[in-house]
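Right, one structure below, let's go through it.
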Amino acid sequence: MPIPPYVAHLRTMVGHDLLWLPGCTAVVLRERGDGCSGPEVLLVRRSDNGEWTPVGGIVDPGEDPHVAAVREVLEETCVVAEVERLVWVSAEAEVRYPNGDRAQYLDHTFRCRWVSGEPRPGEDEATEVGWFGMDDLPPMQQRFLDRIARALEGPAGVRLGR
């Protein structure tokens, strides 16, 4: 995964110390086209660890989190999506990267709808991209399953915290 230039610049000043960074997760949904009921969710297989996840990324300085979510979907999957609503805000656990960098993310999870485009890996952040029915999700971390479940709930308020 490429490091955003501003994070690389911060690293020149703080080394491997903990960085607090805004992040976003886009749970992109579309109605199934195969006659089955229920939506499909857009997932990516990450190139850094091989895990399946919803689309996610770091919010750039001055960028609104919902704008970052749409940008990340387009960059990583070549799909155009539109944010429907914010569904969850949470402070994630600290991450330690193989190079020793430490980061912690304030994640903004958005329910998004597919607008156009057929998924394919965009940049080098994903090796595979695809639509999955809720009954056919690949193995993934519980926190991502929870975000998908939250996005599927009715228009309740935003969930705060883990």
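Key figures for this structure:
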| quantity | calculated |
| --- | --- |
| Relative contact order, percent, the chain [alpha-carbon distance under 8 Å, six or more residues apart] | 30 percent |
| Within-13-Å neighbourhood charge of ASP101 [Cβ basis; K, R +1; D, E -1] | 0 |
| The range 5-154 - share of DSSP beta bridges that are antiparallel (%, nearest 5) | 70 percent |
| Gyration tensor (alpha-carbon) shape descriptor, the range 66-134, a/c threshold 1.5 | oblate |
| Cleavage-rule hits (GluC sites (Glu not before Pro)) in the range 1-67: DSSP loop, at most 14 neighbouring Cβ within 10 angstrom | GLU51, GLU63 |
| The chain: calculated mean residue ellipticity at 222 nm from DSSP helix runs of at least 4, using -39500 (n - 2.57) | -6500 deg cm²/dmol |
| Protection proxy ranking of 64-73, 10-19 - average other beta-carbon atoms within 10 Å, highest first | 64-73, 10-19 |
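Bear in mind these aren't lab numbers, they're just calculated from the coordinates by the rules spelled out. What you see is a predicted model, and the numbers here were worked out from it, not measured in a lab. Positions of Cβ are backbone-derived with ideal geometry, glycine not excepted, and every protein chain shown enters the neighbour counts.
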